[in-house]
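Comments concern the structure below.
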Amino acid sequence: MSARILIVIVTLPLLLLLVLAGARHAADSLAQSLAPPLPPPERGEMEIPILMYHKVNPDPRMGGLGLRVPPEKFARQMEYLAGQGFHTVSLIDVVDHLQWGKPLPPRPVVITFDDGYLDNYTYAFPILKKYGFTATVFVVAHTVGKTNTFDAGRQPVNKMAGWRELKEMADYGITIGAHTLDHPRLTQLSLEEARRQIKESKILLEAELGRPVEVFSYPYGKYNRELARVVRESGYRAAVTTEQGLAGPGDDPFTLKRVRVMGSYDLQKFITELVKHYYPPSPVEK
Ligand SMILES: [Zn+2]
């Protein structure tokens, strides 16, 4: 009698787990079958998605789903990319490819995180490592190891990654990029102050991390032609905006488009958002 109860106690949770895992797998398969198909891998080498994330955090108190992707969703997205034969590359790889024709692996993708939240290290980094993926984290230099003072009052207080976490990620192969000193709207500053924000964040990060910082992300996506020139003159090799689209031939390396990933996306929506950029709308017939 007690043995039978024991068997039930042991097997019931196992069965439940199996059912749940099966349901998850079925839901993911359904999501993939309902989403539009990816282009063939060789086409993907010409147009490269640069995914844009901010927070990867399970805690709703850390912010809304506009900027916060729950780790479980992020994990499924990475699982999907790996399963479809995507290879993560760096922004420098992309620029070298676009400018000099440097070969890229099939289905290249760049994964980026803006601001430098501690949760990138806590939640996203282990998942990236699981798939052997790399990424780029754009850091607000003056908030490293502190909190997101740049959007105080508009967003909940979040911890930012410290130098120790940034160094550990860099040692693994994560690119650390700059996102200014204080996260201002660069277009609202004098050119001199904008130059200081762009240039000194690079110098500060390089001094602390002991490695070159070559990529930049415009806070709030605010940029113009002059600012793109300042970024180039400051010694960067590439910069990303928040404009939506893929990186492709003829693009200015200092105004690269990205693909936004929101926390509200299920896997099907993630695939749809990714794939739609490979197929631009056909020109309207006259
Ligand atoms: Zn930002």
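The values are calculated or read from the model by the stated rules, or taken from the named source; none is laboratory data. What you see is a predicted model, and the numbers here were worked out from it, not measured in a lab. Reconstructed Cβ throughout: ideal geometry from the backbone, glycine too, with neighbour counts over all protein chains shown.
Condition check for D28 on (1) farther than 23 Å from L246 by Cβ; (2) among the acidic types (D, E); (3) free of Cβ contacts under 8 Å to residues at least 24 places away in the same chain: one failure, at (3).
V157 meets the conditions (1) surrounded by fewer than 22 Cβ atoms within 10 Å (Cβ to Cβ); (2) closer than 22 Å to S90 by Cα; (3) in contact with a Ser or Thr (Cβ under 7 Å, 6 or more places away or on another chain) in every case but one. The failed one is (2). Here I92 meets the list (1) under 14 Å from the mean Cα position of the chain (by Cα); (2) in contact (Cβ under 8 Å) with a residue 60 or more places away in the chain almost entirely, failing just condition (1).
Matching residues to (1) of a type in the set (A, V, I, L, M); (2) closer than 30 Å to R24 by Cα; (3) in contact with a helix residue (DSSP H, G or I) (Cβ under 9 Å, 6 or more places away or on another chain):
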{"position": "Q77", "(1), (2), (3)": "no, yes, yes"}
{"position": "V89", "(1), (2), (3)": "yes, yes, yes"}
{"position": "I111", "(1), (2), (3)": "yes, yes, yes"}
{"position": "L128", "(1), (2), (3)": "yes, yes, yes"}
{"position": "Y131", "(1), (2), (3)": "no, yes, yes"}
{"position": "A135", "(1), (2), (3)": "yes, yes, yes"}
{"position": "A141", "(1), (2), (3)": "yes, no, yes"}
{"position": "K146", "(1), (2), (3)": "no, no, no"}
{"position": "I176", "(1), (2), (3)": "yes, no, yes"}
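Evaluating T143 against the criteria (1) touching a residue at least 60 places away in the same chain (Cβ under 8 Å); (2) of a type outside the set (F, W, Y); (3) within 14 Å of the ligand (Cβ to nearest atom) leaves one unmet condition, (1).
Every condition in (1) out of contact with any Leu (no Cβ under 7 Å at 6 or more places or on another chain); (2) crowded, with 23+ Cβ neighbours inside 10 Å is met by K55 except one, and the failing one is (1).
Within the bounds of region 139-148, is there any residue that is basic (K, R), modelled with pLDDT of 95 or more and under 24 Å from M78 (Cβ atoms)?
Keep residues of region 139-148 that are basic (K, R), which gives 146.
With the extra rule that they be modelled with pLDDT of 95 or more, the set shrinks to 146.
Now narrow it down to the ones that are under 24 Å from M78 (Cβ atoms): none.
No, region 139-148 has no match at all.
Against the conditions (1) part of a loop (DSSP other than H, G, I, E, B); (2) in contact (Cβ under 8 Å) with a residue 60 or more places away in the chain, P184 satisfies every one except (2). If you go through region 203-231 and keep only what is buried (at least 16 other Cβ atoms within 10 Å of the Cβ), away from the ligand (no atom under 16 Å from the Cβ) and either at positive phi or in a helix (DSSP H, G or I) (or both), you end up with L204, E206, E208, L209, A228, V230.
Does Y265 meet the test of being assigned to a helix (DSSP H, G or I), of a type in the set (F, W, Y) and more than 17 Å from A135 (Cα to Cα)? It would help to see each step written out before you state the result.
Details: assigned to a helix (DSSP H, G or I): no; of a type in the set (F, W, Y): yes; more than 17 Å from A135 (Cα to Cα): yes.
Spelling it out, it is not the case that Y265 is assigned to a helix (DSSP H, G or I), of a type in the set (F, W, Y) and more than 17 Å from A135 (Cα to Cα).
Taken over region 166-201, the criterion of being within 16 Å of the ligand (Cβ to nearest atom) and either at pLDDT below 95 or farther than 30 Å from Y123 by Cβ (or both) is satisfied by T187, Q188, L189, A194.
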